[in-house]
Amino acid sequence: MPVKCTQSAASRFLLTADKWQQWWPGKKIEQTVYDYEGVRYRINNILVTSVEITVKNTADSTRGYLQVMPKGIDSCVLIWTSAFVFSANPLKRAVQFFQSNSLQQNISSLLNQTKTYFEKEENVYGMKIEKQKVTDSCMVSLKQTFNHYPSVQEIYGLIGSVKEFITQKNGEETNSPMLHVHQEAQTVYEAMVAIPTKNQIQTEGKFQLKMLVMGNILIAEVRGGAAKVIQAEKEIDNYVKDYQKMSPAIPFQSLITDRMKETDSAKWVTKLYYPIFN
């Protein structure tokens, strides 16, 4: 079954038992047992590129392997392999053939449902990721180190300082504030905020001028608080690795919603930006 999804992305779901419930089109019966249209699938063992599964739709059962193989950079192939042993008795063999044919149809339908799930980007990464062109080339930035993930008040304190500096230099803001938080150690977080400006500003002291190459950039929109944004950042990083992209600069958040005015984090809108070469 060819699937328009990278092998690495599909493998994160198929080869991790705890993720099966996210994509499985049927019901979860037990920790490692799932039902699809009346047929039970039990996870026996997870290997490097495949899953060993016992399938049961009658009193008899058969063992199969669901394998994920690459097909170019952006696609993969799902391969199901099972061995059926038929009786020498003609009547019993006919019954077994009917049962195996029914089972094959169930497996084929399951693979079709799996294909549909993995070919939807929002299912795999939790958001739609688009490639666009960089529009903001210059910005004024400010860094500060914290012993914890910076709070909303601390982040906007930095943003306020940058805004004040731009005003002093008669600069003009062109877009929402940007944020990048890097965890350097268990209790060391470096936060950098930046604000895009219409023209280059002569910076000084702790304020720095940052320039972006006018090339390609991945953009995704996230709704929710800090935890959801952090998870989304991990997923867009997965996307970059899955599609073997290379980046000329650090990724960043664009804080579309003013967190100081809107206190309900469920309503916060954040755009993630990830510069790439192609």
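The values are calculated or read from the model by the stated rules, or taken from the named source; none is laboratory data. Remember, predicted model here, so these are calculated numbers, not experimental data. Here Cβ is always computed from backbone atoms with ideal geometry, including for glycine, and neighbour counts include all displayed protein chains. These area figures cover heavy atoms from the full protein model, side chains too; ligands, DNA and RNA do not enter into them. Shrake-Rupley method; radii C 1.70, N 1.55, O 1.52, S 1.80 Å.
Residue-level check: of (1) open to solvent by 30 Å² or more (accessible area, probe 1.4 Å); (2) touching a helix residue (DSSP H, G or I) at 6+ places or on another chain (Cβ under 8 Å), Val51 misses just (1). When segment 238-277 is limited to residues that are open to solvent by 60 Å² or more (accessible area, probe 1.4 Å) and of a type in the set (Val, Ile, Thr), the one that is farthest from Ala226 (Cα to Cα) turns out to be Ile250. Only one entry in Lys169, Lys133, Lys128, Lys143 is of a type in the set (Lys, Arg) and more than 25 Å from Ala232 (Cα to Cα), namely Lys169. Somewhere in segment 25-39, is a residue touching a residue at least 60 places away in the same chain (Cβ under 8 Å) and charged (D, E, K, R)? Yes, there is a match, as at least one residue in segment 25-39 is touching a residue at least 60 places away in the same chain (Cβ under 8 Å) and charged (D, E, K, R).
In segment 186-230, of all residues being open to solvent by 60 Å² or more (accessible area, probe 1.4 Å) and within 27 Å of the chain's Cα centre (by Cα), the one that is modelled with the lowest pLDDT corresponds to Val213. For Val68, the stated conditions hold: it is within 28 Å of the chain's Cα centre (by Cα) and open to solvent by less than 20 Å² (accessible area, probe 1.4 Å). Scanning segment 151-174 turns up no residue that is closer than 30 Å to Gln244 by Cβ and either at pLDDT 95 or above or in contact with a strand residue (DSSP E or B) (Cβ under 7 Å, 6 or more places away or on another chain) (or both).
Counting only helices (runs of 4 or more DSSP H) wholly contained in segment 90-170, the ones carrying 3 or more residues that are within 27 Å of the chain's Cα centre (by Cα) and surrounded by fewer than 16 Cβ atoms within 10 Å (Cβ to Cβ) occupy 90-118.
Within segment 33-52, can you find the residues that are under 26 Å from the mean Cα position of the chain (by Cα) and not aromatic (Phe, Trp, Tyr)? Scanning segment 33-52 gives Val33, Ile43, Asn45, Ile46, Leu47, Val48, Thr49, Ser50, Val51, Glu52. Being of a type in the set (Phe, Trp, Tyr) and not in a strand (DSSP E or B) is the filter; apply it to segment 1-38 and report the residue that is surrounded by the most Cβ atoms within 10 Å (Cβ to Cβ). Among those that are of a type in the set (Phe, Trp, Tyr) and not in a strand (DSSP E or B), it is Phe13.
Within segment 74-101, residues that are over 30 Å from Gln244 (Cβ atoms) sit with their Cβ atoms under 8 Å from residues that are open to solvent by 80 Å² or more (accessible area, probe 1.4 Å) and of a type in the set (D, E, K, R), at 6+ positions apart or across chains, in these pairs: Ser82/Arg63; Ala83/Arg63; Phe86/Arg93; Ser87/Arg93; Gln96/Asp60; Gln99/Asp60.
Mind checking which residues of segment 253-267 are modelled with pLDDT of 95 or more and out of contact with any strand residue (DSSP E or B) (no Cβ under 7 Å at 6 or more places or on another chain)?
Of everything in segment 253-267, those that are modelled with pLDDT of 95 or more and out of contact with any strand residue (DSSP E or B) (no Cβ under 7 Å at 6 or more places or on another chain) turn out to be Asp258, Arg259, Met260, Lys261, Glu262, Asp264, Ser265, Ala266, Lys267.
Of all residues in segment 171-182, those satisfying the criterion of being over 15 Å from Ala249 (Cα atoms) and either free of Cβ contacts under 8 Å to residues at least 24 places away in the same chain or open to solvent by less than 50 Å² (accessible area, probe 1.4 Å) (or both) are Gly171, Ser176, Pro177.
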